[in-house]
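The values are calculated or read from the model by the stated rules, or taken from the named source; none is laboratory data. Just so you know, these numbers come straight off a predicted model, no measurement behind them. Using ideal geometry, Cβ is built from the backbone for each residue, glycine included, and neighbour counts are taken over all protein chains shown. With ligands, DNA and RNA removed, areas are computed over all heavy atoms of the protein, side chains included. Shrake-Rupley method; radii C 1.70, N 1.55, O 1.52, S 1.80 Å.
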Amino acid sequence: MPLDARRIRAQFPLFCKEEAPAYLDSGALTQMPGGVLEAMNKWDETQRGNVHRGVHGWGERATAAYEGARSAIATCINAEPKEIVFTTNCTESLNMVARCWAAHHLQKGDVIALTILEHHSNMLPWLQLKDELGVELAWIGVDAEGHIDEQILQAALSKKPKLLAVSMLSNVLGTAPDVKKITNAAHGVGAKVVVDAAQAIAHLPIDVRNVDCDALAFSSHKTYGPTGCGVLYVKNEFLIEWKPFLTGGGTVENVTKDGFTTAALPHAFEAGTPPITQAIGLAAALTWSSQFPWNDRLTHEQELLARATDVLKNTPGIRILGPQDPSERYGCISFVHKHIHAHDLCDLMGQEGVILRAGNHCAQPLHKELGIPASCRFSVALHTTGDDLDRFEKALHNAIATLS
């Protein structure tokens, strides 16, 4: 049945205030429903304690809650709890792949393949290894509508890369590469596959067993949870090859004056006091969103994107980036005006309470490929309503009239 976006919207404290915005920037950061805020507040007010170290009741309850959050998140993506590493965000998670595995297993001349769609977080770690180790990068391009170019993909795989990095959902174009097909092809030439699921986690169902990727990362704040918490899934047989790059409390089993032995997985990769409250908030957020069936969520969001596409196509001077068919995109739609800079357009729209994102969206190489310095991005969420679309259309036309 169709989602009742108005009822969902009412669960978010931000939108219950007078003059609430038309918040169309969930691709950067999602708002949190009241139930998630309550779960974290209850924890901090009545149960707060540190994990894994205390034998007192507070510590035991903290450990149970924290590990319970790990199990809930693992269930959400069909992983095992021991394959889930908590980090501070998706960026740290992807850097861990580079520092804990790639830096120890790659050498000069080895190839890393990655797509031009990647966010800087799934690009800069590999560029660093290019400078530090002398690895080579094989770039995988896209066609005019933002879909992976099959011939270029095959050319990159012919170089027998050791690692392939791919986004499950473009944060600019909204295109969703067939990561299962790409992973199978990459495994066929012996490559490990790391997936950036930062955007996908809120817009697509994720089953790591089905995709069969070796690592997958996402952030809590992209899926109705708090900031300061990320998740790194690593296939168990891959994780045992890793070496921690952050060490300290919580990561060791035994320490002597001569050395140390690491703790069991995944704790060997969680140095210091972890984001306990945030992990509990993320688990609450995933539980909250799970009440809405995926078919209903996808239908709701794609109806919104279809309507936004019509508005943009009927607005003179606008160029839509990526797929022209809204059924081929998820989560967001980006666009430019041929005479008005994205920053100016979004600034004026923001003054009317319509919140978009302007810039290169941490995807400069993709924007250069598209021949533009920046774009406006409209991103949707479960709470996005038809009223938000009405306000978007009015603010867009007002801004263009003012700036033309």
query = Once the other residues with Cβ under 13 Å from the Cβ of SER375 are scored (Lys, Arg +1; Asp, Glu -1), what is the net sum?
reply = +3
key: 5 angstrom amide H check on THR87, placed H, neighbours 5+ away   = GLY230, VAL231, LEU232
request  = Within the set of other residues whose C-beta is less than 14 Å from the C-beta of LEU321, count the net charge using Lys and Arg as +1 and Asp and Glu as -1.
outcome  = +2
message = Among DSSP bridges having both ends in the range 88-194, what percentage is antiparallel? Round to the nearest 5.
response = 10 percent
remark   = The distance between the Cα centres of the range 325-404 and the range 69-93, in whole Å, is 32 Å
ask   = So which lysines pass the test for LYS338, namely a Cα distance under 20 Å, with those fewer than 8 places away in the same chain ruled out?
value = LYS313, LYS368, LYS394
task = Calculate, in nm to one decimal, what LEU265 and GLU80 gain on full extension: separation in residues at 0.36 nm each, minus their alpha carbon distance.
result = 65.5 nm
request  = State in Å² the accessible area per residue of the chain; use a 1.4 Å probe, count heavy atoms of protein chains only, and round to the nearest integer.
outcome  = 42 Å²
request  = Provide the gained length on full extension for the span ALA20 to ASN50, in nm with one decimal, where the gain is 0.36 nm per separating residue minus the Cα-Cα distance.
outcome  = 7.1 nm
task = Taking just the C-alpha trace of the range 280-404, give me its Rg and Dmax in Å.
result = 15.4, 48
query = In what sequence, highest mean first, do 297-307, 354-364, 12-22 appear when ranked by Cβ atoms within 10 angstrom?
reply = 354-364, 297-307, 12-22
message = Out of the total accessible area of the chain (probe 1.4 Å, heavy atoms of protein only), what percent is carbon and sulfur?
response = 50 percent
ask   = Contour minus end-to-end for THR227 and ASP4, with contour as 0.36 nm per residue of separation and end-to-end as the Cα-Cα distance?
value = 77.6 nm
query = Each residue of the range 289-302 in turn: what ³J(HN,Hα) in whole Hz from Karplus with 6.51, -1.76, 1.60 and θ = phi - 60°, glycine and Pro shown as x?
reply = 6, 5, 6, 9, x, 4, 4, 5, 5, 5, 4, 4, 5, 6
query = So if R0 is 41 Å, what FRET efficiency would LYS181 and ASP344 give, r being the distance between their Cβ atoms, rounded to the nearest 0.05?
reply = 0.50
request  = Report, as a whole number in µm² per second, the diffusion coefficient that Stokes-Einstein gives for the range 6-72 at 4 °C and 1.567 mPa s using the Kirkwood radius over alpha carbon pairs.
outcome  = 91 µm²/s
request  = Run down the lysines and flag those whose C-alpha is under 23 Å from the C-alpha of LYS159, throwing out any fewer than 8 positions away in its chain.
outcome  = LYS108, LYS130, LYS180, LYS181, LYS192
request  = Take the Cα coordinates of the range 108-212, assign each an equal point scatterer, and use the Debye formula without solvent to give log10 I(q)/I(0) at q = 0.14, 0.16, 0.17, 0.18 Å⁻¹.
outcome  = -0.50, -0.65, -0.74, -0.83
key: Residues whose placed amide H lies under 5 Å from that of SER167, excluding near-sequence neighbours   = THR115, ASP196
ask   = If you look at just the Cα atoms of the chain, how large are its Rg and its Dmax in Å?
value = 21.8, 71
request  = Please give every one of the aspartates and glutamates within straight-line cross-link reach of LYS82, meaning a C-alpha to C-alpha distance under 20 Å, and leave out same-chain neighbours fewer than 8 residues apart.
outcome  = GLU60, GLU67, GLU92, ASP196, ASP207, ASP212, ASP214, GLU237, GLU241, GLU253, GLU270
